[in-house]
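Visitor: If you scroll down you'll find the structure; I have some questions about it.
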Amino acid sequence: MTTDLLMVSPDLEVRQATKIMTGKGVGSLLVYENDKVVGIVTERDLLRSCRIEGEARVGDVMKVDPVISSPNASVMEIANVMKENWERHAIVVEESLPAGVISIRDVAESIVQGKAKSRASEIMRRPVYKVTPDSLLETARTLMSTENIGYLPVVDSRTVLGSVEEREILAVVSI
């Protein structure tokens, strides 16, 4: 449980909220008014509320070392690699290209359901939405917002090159 809660006013501007989230490395802020919590704002909420102006590209902010999994890796193997690397997502790769994406939520649900020995291919999410390094960040933001996802593999025609998630896009907004 986190006890160092970050609270903001309901009239805080989106850009300021992104600065707080990215600066503190958190995924949500409590909205506090008149000595009462009235809501919560998440990275996903902010991603839907902003636009990326200009020509910023995915390749400018993508991570180049995403967690990669084979379809046969167990849920616990994936959980351990995510934990070691402080990552919230893994890309399941077949023949050098993304076949699915697994989030930390998918891992947690599998463990709670007693399916820790399940294979990546059994819990991965499809379809896999992806972008290239040359894609505009606004394109990635729009795709994430439309499909309600927080993570995209970055690919070329032959292989996985990296990944981009909400946090990297919001960091650009906060500048």
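The values are calculated or read from the model by the stated rules, or taken from the named source; none is laboratory data. What you see is a predicted model, and the numbers here were worked out from it, not measured in a lab. Counting neighbours? That spans all protein chains shown, and the Cβs are built from the backbone with ideal geometry, glycine included. To get the accessible areas, we keep the full protein, side chains included, count just its heavy atoms, and leave off ligands, DNA and RNA. Shrake-Rupley method; radii C 1.70, N 1.55, O 1.52, S 1.80 Å.
Visitor: Here are the criteria: (1) in contact with a strand residue (DSSP E or B) (Cβ under 9 Å, 6 or more places away or on another chain); (2) among the basic types (Lys, Arg); (3) surrounded by fewer than 19 Cβ atoms within 10 Å (Cβ to Cβ). Tell me which single one residue 115 does not satisfy.
Guide: With respect to (1) in contact with a strand residue (DSSP E or B) (Cβ under 9 Å, 6 or more places away or on another chain); (2) among the basic types (Lys, Arg); (3) surrounded by fewer than 19 Cβ atoms within 10 Å (Cβ to Cβ), residue 115 is out only on (1).
Visitor: Still on this model: Among the residues of the stretch 15-35, are any closer than 16 Å to residue 164 by Cβ, surrounded by fewer than 18 Cβ atoms within 10 Å (Cβ to Cβ), of a type outside the set (Phe, Trp, Tyr) and modelled with pLDDT under 90?
Guide: Looking for residues that are closer than 16 Å to residue 164 by Cβ, surrounded by fewer than 18 Cβ atoms within 10 Å (Cβ to Cβ), of a type outside the set (Phe, Trp, Tyr) and modelled with pLDDT under 90, one finds at least one in the stretch 15-35, hence yes.
Visitor: Select from the stretch 154-174 the residues that are assigned to a strand (DSSP E or B) and either of a type outside the set (A, V, I, L, M, F, W, C) or without any contact (Cβ under 8 Å) to a residue 40 or more places away in the chain (or both) and list them in ascending order. If you could, list the steps in order and put the result at the bottom.
Guide: Filtering the stretch 154-174 down to residues assigned to a strand (DSSP E or B) leaves 154-155, 160-165.
Matches in the stretch 154-174: 162, 163, 165.
Visitor: Here is a further query. When the residues of the stretch 39-83 are filtered to those that are among the polar types (S, T, N, Q) and at pLDDT 95 or above, which remaining residue is surrounded by the most Cβ atoms within 10 Å (Cβ to Cβ)?
Guide: Kept after step one, since they are among the polar types (S, T, N, Q), are these residues of the stretch 39-83: 42, 49, 69-70, 72, 74, 80.
Filter once more, keeping what is at pLDDT 95 or above: 69-70, 72, 74, 80.
Numbers: 69: 25, 70: 14, 72: 10, 74: 17, 80: 13.
Looking at residues that are among the polar types (S, T, N, Q) and at pLDDT 95 or above, I get 69.
Visitor: Can you say whether residue 6 is hydrophobic (A, V, I, L, M, F, W, C), open to solvent by less than 70 Å² (accessible area, probe 1.4 Å) and modelled with pLDDT of 90 or more, as far as the supplied structure shows? Full working, then the answer.
Guide: Working: hydrophobic (A, V, I, L, M, F, W, C): yes; open to solvent by less than 70 Å² (accessible area, probe 1.4 Å): yes; modelled with pLDDT of 90 or more: no.
No; evaluated as a whole, the condition is false for this residue.
Visitor: Look through the stretch 131-175, keep the residues that are open to solvent by 50 Å² or more (accessible area, probe 1.4 Å) and among the hydrophobic types (A, V, I, L, M, F, W, C), and return whichever of them is farthest from residue 50 (Cα to Cα).
Guide: Residue satisfying both the conditions and the ranking: 161.
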